[in-house]
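First comes the structure, then the notes that go with it.
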Amino acid sequence: MTTVSTPPLAPLTDRVAAPSQVPLPDAALGLAWGPLGPDDAADLHGLVAAVEEADRAPARMAPEEVAELFEGAWRDLALDTLGGRDADGVLRAYADVDTAPGDRSVVRAFVRGGVHPDWRRRGVGTALLAWSQARARQLLAASGKELPARIALYADDSAAATVALLERSPFTPARYYTDMRRDLAVPLPQPRALDGVRLEPWSPERDESVRVAHNEAFSDHWGSEPRTAEQWTQHRSMFAPGWSVVAVDTASDEVVGYALSGRYEQDWPVVGYSSGYTELLGVRRPWRGRGLAVALLVAVMEAYRADGMQFAELGVDTANPSGAHGLYASLGYEAYHSSTMWSIEL
(Lines give C-alpha, C1' and ligand atoms only; values in the text may rest on other atoms or scores of the structure.)
Protein backbone atom coordinates (compact mmCIF):
# COMPACT_ATOMS: atom_id res chain seq x y z
CA MET A 1 0.00 0.00 0.00
CA THR A 2 1.42 3.35 -1.02
CA THR A 3 1.19 6.13 1.51
CA VAL A 4 0.77 9.63 0.13
CA SER A 5 2.46 12.16 2.37
CA THR A 6 1.32 15.73 2.63
CA PRO A 7 4.08 18.27 1.98
CA PRO A 8 4.96 20.24 5.11
CA LEU A 9 3.52 23.70 5.34
CA ALA A 10 5.73 26.68 4.78
CA PRO A 11 6.12 28.91 7.85
CA LEU A 12 2.96 30.82 8.64
CA THR A 13 4.59 34.21 8.15
CA ASP A 14 5.71 33.19 4.66
CA ARG A 15 2.27 31.91 3.68
CA VAL A 16 0.26 34.89 4.85
CA ALA A 17 2.75 37.54 3.63
CA ALA A 18 1.49 40.13 6.09
CA PRO A 19 2.33 43.75 5.27
CA SER A 20 4.21 45.76 7.88
CA GLN A 21 1.66 48.58 7.53
CA VAL A 22 -1.98 48.66 6.42
CA PRO A 23 -2.55 51.95 4.58
CA LEU A 24 -5.93 53.62 4.77
CA PRO A 25 -8.07 53.75 1.63
CA ASP A 26 -7.41 56.69 -0.67
CA ALA A 27 -8.88 59.98 0.54
CA ALA A 28 -9.84 60.64 -3.10
CA LEU A 29 -12.74 58.23 -2.54
CA GLY A 30 -14.41 61.09 -0.67
CA LEU A 31 -14.49 59.62 2.83
CA ALA A 32 -12.52 60.37 5.99
CA TRP A 33 -11.17 57.13 7.46
CA GLY A 34 -10.60 56.11 11.05
CA PRO A 35 -11.15 53.27 13.54
CA LEU A 36 -14.50 52.50 15.12
CA GLY A 37 -15.35 51.83 18.76
CA PRO A 38 -18.31 51.27 21.08
CA ASP A 39 -19.27 54.96 20.86
CA ASP A 40 -19.89 54.45 17.13
CA ALA A 41 -22.37 51.60 17.63
CA ALA A 42 -25.47 53.66 16.88
CA ASP A 43 -23.96 55.09 13.69
CA LEU A 44 -22.81 51.63 12.64
CA HIS A 45 -26.25 50.18 13.22
CA GLY A 46 -27.76 52.83 10.94
CA LEU A 47 -25.27 51.97 8.20
CA VAL A 48 -25.77 48.20 8.61
CA ALA A 49 -29.55 48.66 8.39
CA ALA A 50 -29.21 50.57 5.10
CA VAL A 51 -26.93 47.87 3.69
CA GLU A 52 -29.31 45.08 4.77
CA GLU A 53 -32.27 46.84 3.19
CA ALA A 54 -30.43 47.34 -0.10
CA ASP A 55 -29.28 43.71 -0.14
CA ARG A 56 -32.75 42.35 0.69
CA ALA A 57 -31.39 40.47 3.69
CA PRO A 58 -34.06 38.43 5.53
CA ALA A 59 -32.13 38.74 8.80
CA ARG A 60 -31.48 42.16 10.32
CA MET A 61 -29.02 43.05 13.06
CA ALA A 62 -30.45 44.58 16.19
CA PRO A 63 -28.61 47.48 17.88
CA GLU A 64 -27.51 45.07 20.62
CA GLU A 65 -25.90 42.77 18.06
CA VAL A 66 -24.01 45.64 16.46
CA ALA A 67 -22.72 46.72 19.87
CA GLU A 68 -21.42 43.16 20.39
CA LEU A 69 -19.14 43.52 17.36
CA PHE A 70 -16.81 45.56 19.55
CA GLU A 71 -16.45 42.85 22.20
CA GLY A 72 -13.46 40.56 22.73
CA ALA A 73 -10.52 41.03 25.07
CA TRP A 74 -8.20 39.78 22.30
CA ARG A 75 -9.20 42.56 19.91
CA ASP A 76 -7.39 45.80 19.09
CA LEU A 77 -10.23 47.94 17.77
CA ALA A 78 -7.88 50.73 16.72
CA LEU A 79 -6.34 48.33 14.19
CA ASP A 80 -9.15 45.83 13.54
CA THR A 81 -11.92 48.27 12.54
CA LEU A 82 -12.30 50.99 9.94
CA GLY A 83 -15.04 53.50 9.19
CA GLY A 84 -15.45 55.98 6.36
CA ARG A 85 -17.42 59.18 7.01
CA ASP A 86 -18.62 61.71 4.46
CA ALA A 87 -18.16 65.47 4.64
CA ASP A 88 -21.13 65.71 7.02
CA GLY A 89 -19.67 63.12 9.37
CA VAL A 90 -22.15 60.41 8.38
CA LEU A 91 -20.78 56.87 8.44
CA ARG A 92 -20.95 55.52 4.89
CA ALA A 93 -18.67 52.47 4.91
CA TYR A 94 -17.05 50.14 7.42
CA ALA A 95 -14.85 47.09 7.76
CA ASP A 96 -14.14 44.80 10.69
CA VAL A 97 -11.63 41.96 11.01
CA ASP A 98 -11.77 39.46 13.86
CA THR A 99 -10.11 36.21 14.88
CA ALA A 100 -11.10 33.19 16.95
CA PRO A 101 -8.62 32.56 19.78
CA GLY A 102 -9.71 28.93 20.23
CA ASP A 103 -8.56 27.82 16.76
CA ARG A 104 -6.49 24.61 16.84
CA SER A 105 -6.52 23.06 13.37
CA VAL A 106 -6.99 26.10 11.10
CA VAL A 107 -6.18 29.63 12.19
CA ARG A 108 -8.82 31.99 10.85
CA ALA A 109 -9.51 35.68 10.33
CA PHE A 110 -13.08 36.79 9.64
CA VAL A 111 -13.88 39.83 7.52
CA ARG A 112 -17.08 41.84 7.71
CA GLY A 113 -17.99 45.12 6.05
CA GLY A 114 -20.43 47.16 4.06
CA VAL A 115 -20.94 50.25 1.92
CA HIS A 116 -24.02 52.45 1.99
CA PRO A 117 -26.00 51.96 -1.25
CA ASP A 118 -25.58 55.65 -2.14
CA TRP A 119 -21.79 55.22 -2.07
CA ARG A 120 -21.47 52.05 -4.13
CA ARG A 121 -19.83 51.76 -7.56
CA ARG A 122 -17.16 54.31 -6.58
CA GLY A 123 -14.39 51.88 -5.58
CA VAL A 124 -15.12 52.07 -1.86
CA GLY A 125 -15.96 48.39 -1.50
CA THR A 126 -12.82 47.35 -3.38
CA ALA A 127 -10.70 49.55 -1.12
CA LEU A 128 -12.32 48.19 2.03
CA LEU A 129 -11.80 44.61 0.93
CA ALA A 130 -8.12 45.30 0.23
CA TRP A 131 -7.70 46.90 3.65
CA SER A 132 -9.48 43.97 5.32
CA GLN A 133 -7.29 41.38 3.61
CA ALA A 134 -4.14 43.19 4.68
CA ARG A 135 -5.26 43.45 8.30
CA ALA A 136 -6.39 39.82 8.28
CA ARG A 137 -2.93 38.74 7.11
CA GLN A 138 -1.37 40.69 9.97
CA LEU A 139 -3.65 39.00 12.51
CA LEU A 140 -2.94 35.55 11.13
CA ALA A 141 0.81 36.14 11.22
CA ALA A 142 0.59 37.47 14.78
CA SER A 143 -1.25 34.36 15.98
CA GLY A 144 1.99 32.38 15.95
CA LYS A 145 0.03 29.21 15.15
CA GLU A 146 1.82 27.07 12.59
CA LEU A 147 -1.42 25.81 11.05
CA PRO A 148 -3.29 26.09 7.77
CA ALA A 149 -4.71 29.62 7.61
CA ARG A 150 -7.91 31.08 6.23
CA ILE A 151 -9.40 34.51 5.60
CA ALA A 152 -13.17 34.08 5.55
CA LEU A 153 -16.13 36.23 4.63
CA TYR A 154 -19.84 35.31 4.71
CA ALA A 155 -22.22 36.83 2.19
CA ASP A 156 -25.92 36.39 1.48
CA ASP A 157 -26.40 35.09 -2.04
CA SER A 158 -29.06 37.80 -2.49
CA ALA A 159 -26.46 40.55 -1.90
CA ALA A 160 -25.70 41.09 -5.59
CA ALA A 161 -23.24 43.96 -5.11
CA THR A 162 -21.19 42.04 -2.54
CA VAL A 163 -21.17 38.86 -4.63
CA ALA A 164 -20.03 40.82 -7.70
CA LEU A 165 -17.21 42.40 -5.68
CA LEU A 166 -16.08 39.01 -4.33
CA GLU A 167 -16.11 37.48 -7.80
CA ARG A 168 -13.49 40.06 -8.82
CA SER A 169 -11.37 39.42 -5.72
CA PRO A 170 -8.95 36.70 -4.56
CA PHE A 171 -11.77 35.18 -2.49
CA THR A 172 -13.41 32.01 -3.82
CA PRO A 173 -16.58 30.19 -2.70
CA ALA A 174 -15.66 27.59 -0.08
CA ARG A 175 -18.88 26.49 1.63
CA TYR A 176 -22.60 26.86 1.06
CA TYR A 177 -25.30 27.36 3.66
CA THR A 178 -29.08 27.12 3.61
CA ASP A 179 -31.58 28.76 5.95
CA MET A 180 -34.60 26.55 6.54
CA ARG A 181 -37.96 27.06 8.22
CA ARG A 182 -40.85 24.91 9.39
CA ASP A 183 -44.46 25.94 9.79
CA LEU A 184 -45.41 25.28 13.42
CA ALA A 185 -49.09 25.01 12.48
CA VAL A 186 -48.19 21.61 11.01
CA PRO A 187 -48.33 18.88 13.70
CA LEU A 188 -44.95 18.08 15.19
CA PRO A 189 -43.51 14.58 14.94
CA GLN A 190 -43.52 12.32 17.97
CA PRO A 191 -39.89 11.53 18.87
CA ARG A 192 -39.04 8.05 20.02
CA ALA A 193 -38.51 7.35 23.70
CA LEU A 194 -35.07 8.27 25.00
CA ASP A 195 -33.27 5.50 26.84
CA GLY A 196 -31.02 6.72 29.62
CA VAL A 197 -31.20 10.39 28.61
CA ARG A 198 -33.41 13.18 29.93
CA LEU A 199 -34.13 16.62 28.50
CA GLU A 200 -34.02 19.63 30.77
CA PRO A 201 -34.20 23.40 30.28
CA TRP A 202 -30.91 25.21 29.66
CA SER A 203 -29.49 26.72 32.86
CA PRO A 204 -26.42 28.84 33.64
CA GLU A 205 -25.12 26.00 35.80
CA ARG A 206 -24.98 23.71 32.77
CA ASP A 207 -23.59 26.24 30.34
CA GLU A 208 -19.89 25.39 30.64
CA SER A 209 -20.69 21.70 30.21
CA VAL A 210 -22.72 22.60 27.11
CA ARG A 211 -19.68 24.45 25.71
CA VAL A 212 -17.48 21.40 26.25
CA ALA A 213 -20.12 19.15 24.66
CA HIS A 214 -20.39 21.52 21.70
CA ASN A 215 -16.64 21.53 21.10
CA GLU A 216 -16.68 17.73 21.09
CA ALA A 217 -19.84 17.37 18.98
CA PHE A 218 -18.55 19.72 16.27
CA SER A 219 -14.97 18.44 16.21
CA ASP A 220 -15.75 16.51 12.99
CA HIS A 221 -17.51 19.42 11.24
CA TRP A 222 -15.68 21.33 8.52
CA GLY A 223 -14.70 24.83 9.58
CA SER A 224 -15.57 24.30 13.23
CA GLU A 225 -12.96 25.08 15.86
CA PRO A 226 -13.13 24.89 19.67
CA ARG A 227 -14.66 27.87 21.40
CA THR A 228 -12.96 29.29 24.46
CA ALA A 229 -15.05 30.15 27.51
CA GLU A 230 -14.92 33.84 26.59
CA GLN A 231 -15.96 33.21 22.99
CA TRP A 232 -18.81 30.99 24.15
CA THR A 233 -20.46 33.62 26.33
CA GLN A 234 -20.20 36.49 23.85
CA HIS A 235 -22.74 37.64 21.29
CA ARG A 236 -25.71 36.50 23.34
CA SER A 237 -27.99 39.50 23.16
CA MET A 238 -30.51 37.48 21.14
CA PHE A 239 -30.10 34.25 23.16
CA ALA A 240 -33.43 32.76 24.31
CA PRO A 241 -32.79 30.61 27.42
CA GLY A 242 -36.46 29.62 27.68
CA TRP A 243 -36.29 28.15 24.17
CA SER A 244 -33.08 26.18 24.82
CA VAL A 245 -32.85 22.55 25.92
CA VAL A 246 -30.05 20.32 27.21
CA ALA A 247 -29.85 16.51 27.02
CA VAL A 248 -28.25 14.84 30.05
CA ASP A 249 -27.14 11.22 30.51
CA THR A 250 -29.09 9.97 33.52
CA ALA A 251 -26.31 7.64 34.72
CA SER A 252 -23.36 10.06 34.57
CA ASP A 253 -25.16 13.44 34.63
CA GLU A 254 -23.05 14.43 31.60
CA VAL A 255 -24.35 16.86 29.00
CA VAL A 256 -24.61 14.80 25.81
CA GLY A 257 -26.63 17.09 23.55
CA TYR A 258 -28.15 20.54 23.32
CA ALA A 259 -30.36 22.84 21.27
CA LEU A 260 -29.76 26.56 21.85
CA SER A 261 -32.15 29.15 20.44
CA GLY A 262 -32.29 32.83 19.59
CA ARG A 263 -35.18 35.28 19.42
CA TYR A 264 -34.77 37.75 16.54
CA GLU A 265 -37.85 39.94 16.75
CA GLN A 266 -36.31 42.55 14.44
CA ASP A 267 -36.57 40.03 11.58
CA TRP A 268 -40.28 39.34 11.94
CA PRO A 269 -41.65 42.46 10.17
CA VAL A 270 -39.23 41.83 7.29
CA VAL A 271 -40.20 38.20 6.66
CA GLY A 272 -43.84 38.57 7.68
CA TYR A 273 -44.02 36.00 10.48
CA SER A 274 -42.72 35.31 14.00
CA SER A 275 -40.19 32.57 14.66
CA GLY A 276 -37.78 30.88 16.98
CA TYR A 277 -34.29 30.26 15.61
CA THR A 278 -32.29 27.16 16.55
CA GLU A 279 -28.75 28.54 16.75
CA LEU A 280 -26.87 25.40 17.75
CA LEU A 281 -27.89 21.75 17.73
CA GLY A 282 -25.41 19.05 18.65
CA VAL A 283 -25.13 15.51 19.99
CA ARG A 284 -21.86 14.00 21.19
CA ARG A 285 -20.78 11.09 19.02
CA PRO A 286 -21.30 8.21 21.54
CA TRP A 287 -24.95 9.24 21.90
CA ARG A 288 -25.76 9.61 18.22
CA GLY A 289 -28.17 7.29 16.44
CA ARG A 290 -30.70 7.28 19.28
CA GLY A 291 -33.08 9.91 17.95
CA LEU A 292 -31.72 12.54 20.31
CA ALA A 293 -31.37 15.27 17.68
CA VAL A 294 -35.02 14.86 16.71
CA ALA A 295 -36.09 14.96 20.36
CA LEU A 296 -34.12 18.16 20.97
CA LEU A 297 -35.55 19.83 17.87
CA VAL A 298 -39.11 18.86 18.75
CA ALA A 299 -38.59 20.17 22.28
CA VAL A 300 -37.49 23.60 21.10
CA MET A 301 -40.23 23.72 18.46
CA GLU A 302 -42.77 23.00 21.19
CA ALA A 303 -41.30 25.91 23.18
CA TYR A 304 -41.56 28.22 20.17
CA ARG A 305 -45.15 27.22 19.52
CA ALA A 306 -46.11 27.59 23.19
CA ASP A 307 -44.98 31.22 22.97
CA GLY A 308 -47.09 31.81 19.86
CA MET A 309 -44.35 31.58 17.24
CA GLN A 310 -45.47 30.74 13.71
CA PHE A 311 -42.26 29.16 12.37
CA ALA A 312 -39.12 27.38 13.51
CA GLU A 313 -35.92 28.34 11.68
CA LEU A 314 -32.33 27.16 11.51
CA GLY A 315 -29.30 27.25 9.25
CA VAL A 316 -27.33 24.31 7.88
CA ASP A 317 -24.07 23.68 6.06
CA THR A 318 -25.22 21.86 2.93
CA ALA A 319 -22.25 19.48 3.22
CA ASN A 320 -22.72 18.78 6.94
CA PRO A 321 -21.20 15.32 7.62
CA SER A 322 -23.99 14.32 10.01
CA GLY A 323 -26.63 14.50 7.27
CA ALA A 324 -28.37 17.35 9.07
CA HIS A 325 -29.85 18.82 5.89
CA GLY A 326 -31.74 15.60 5.19
CA LEU A 327 -32.83 15.31 8.80
CA TYR A 328 -34.32 18.79 8.82
CA ALA A 329 -36.10 18.20 5.52
CA SER A 330 -37.62 15.00 6.91
CA LEU A 331 -39.03 17.02 9.82
CA GLY A 332 -40.74 19.48 7.49
CA TYR A 333 -38.12 22.23 7.23
CA GLU A 334 -37.93 23.92 3.84
CA ALA A 335 -35.16 26.09 2.37
CA TYR A 336 -35.91 29.80 2.01
CA HIS A 337 -32.54 31.57 1.79
CA SER A 338 -28.90 30.80 1.04
CA SER A 339 -25.47 32.20 1.75
CA THR A 340 -21.86 31.38 0.95
CA MET A 341 -18.60 31.45 2.82
CA TRP A 342 -15.89 32.94 0.62
CA SER A 343 -12.29 32.36 1.59
CA ILE A 344 -8.62 32.75 0.85
CA GLU A 345 -6.78 29.58 1.93
CA LEU A 346 -3.20 30.14 3.01
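The values are calculated or read from the model by the stated rules, or taken from the named source; none is laboratory data. This structure is a prediction, so every number in the text was calculated from the model and none was measured. Virtual Cβ from ideal backbone geometry, glycine too; neighbours counted across all protein chains shown.
Going by the conditions given, is Met341 touching a residue at least 40 places away in the same chain (Cβ under 8 Å) and within 30 Å of Leu165 (Cα to Cα)?
Yes.
Out of all the residues in the range 101-143, which are under 21 Å from Leu9 (Cα atoms) and touching a Lys or Arg at 6+ places or on another chain (Cβ under 6 Å)?
Gly102, Val106, Val107, Arg108
Quick check on the range 53-60. Is at least one of its residues in contact with a Leu (Cβ under 7 Å, 6 or more places away or on another chain), closer than 30 Å to Ser237 by Cβ and touching a residue at least 24 places away in the same chain (Cβ under 8 Å)?
no
Being surrounded by fewer than 20 Cβ atoms within 10 Å (Cβ to Cβ) and at pLDDT below 95: is that true of Ala134 here?
When the stated conditions are applied, Ala134 does not pass them.
Do the conditions hold for Val115, that is, is it surrounded by 22 or more Cβ atoms within 10 Å (Cβ to Cβ) and at pLDDT 95 or above?
yes
Among the candidates Ala149, Ala164, which residue alone is crowded, with 19+ Cβ neighbours inside 10 Å, within 22 Å of the chain's Cα centre (by Cα) and aliphatic (A, V, I, L, M)?
Ala149
Consider Ser169 against the criteria (1) crowded, with 21+ Cβ neighbours inside 10 Å; (2) in contact with a Leu (Cβ under 9 Å, 6 or more places away or on another chain); (3) small (Gly, Ala, Ser): it satisfies all of them except one. Which criterion is unmet?
The single condition Ser169 does not satisfy is (1).
What are the residues in the range 216-236 that are under 21 Å from Gly289 (Cβ atoms) and touching a helix residue (DSSP H, G or I) at 6+ places or on another chain (Cβ under 9 Å), if any?
Selection gives Glu216, Ala217, Ser219, Asp220, Ser224.
Say whether the condition of being on the phi > 0 side of the Ramachandran plot and either surrounded by 13 or more Cβ atoms within 10 Å (Cβ to Cβ) or assigned by TED's automatic domain parsing to the domain that holds Leu166 (or both) is met by at least one residue in the range 36-46.
For the range 36-46, residues on the phi > 0 side of the Ramachandran plot and either surrounded by 13 or more Cβ atoms within 10 Å (Cβ to Cβ) or assigned by TED's automatic domain parsing to the domain that holds Leu166 (or both): absent.
Quick check: anything in the range 295-316 crowded, with 17+ Cβ neighbours inside 10 Å, of a type in the set (Asp, Glu), in contact with a Phe, Trp or Tyr (Cβ under 9 Å, 6 or more places away or on another chain) and at pLDDT below 95?
Within the range 295-316, not a single residue is crowded, with 17+ Cβ neighbours inside 10 Å, of a type in the set (Asp, Glu), in contact with a Phe, Trp or Tyr (Cβ under 9 Å, 6 or more places away or on another chain) and at pLDDT below 95.
Mind listing whichever residues of the range 86-99 are without any contact (Cβ under 8 Å) to a residue 60 or more places away in the chain and surrounded by 18 or more Cβ atoms within 10 Å (Cβ to Cβ)?
Leu91, Tyr94, Ala95, Val97, Asp98, Thr99 - these are the residues of the range 86-99 that are without any contact (Cβ under 8 Å) to a residue 60 or more places away in the chain and surrounded by 18 or more Cβ atoms within 10 Å (Cβ to Cβ).
How do the pairs read when you match residues in the range 17-28 that are in the same structural domain as Leu140 (by TED's automatic domain parsing) with residues anywhere that are basic (Lys, Arg) and surrounded by 11 or more Cβ atoms within 10 Å (Cβ to Cβ), using Cβ under 7 Å and keeping only pairs 6 or more apart or on different chains?
Ala17/Arg137; Ala18/Arg137; Pro19/Arg137; Val22/Arg135
State which residue pairs qualify: first residue not assigned by TED's automatic domain parsing to the domain that holds Leu24 and of a type outside the set (Asp, Glu) and inside the range 121-139, second residue modelled with pLDDT of 95 or more and in a helix (DSSP H, G or I) in any location, beta carbons under 9 Å apart, and separation of 6 or more residues or different chains.
Close Cβ pairs (under 9 Å, with a partner that is modelled with pLDDT of 95 or more and in a helix (DSSP H, G or I)) do not exist here.
Can you tell me which condition Arg198 does not meet? The list is (1) within 30 Å of Ala152 (Cα to Cα); (2) part of a strand (DSSP E or B), and all the others hold.
(1)
Out of the residues in the range 132-182 meeting the condition of being in a strand (DSSP E or B) and out of contact with any Asp or Glu (no Cβ under 8 Å at 6 or more places or on another chain), tell me which one is nearest to Ser224 (Cα to Cα).
Ala152
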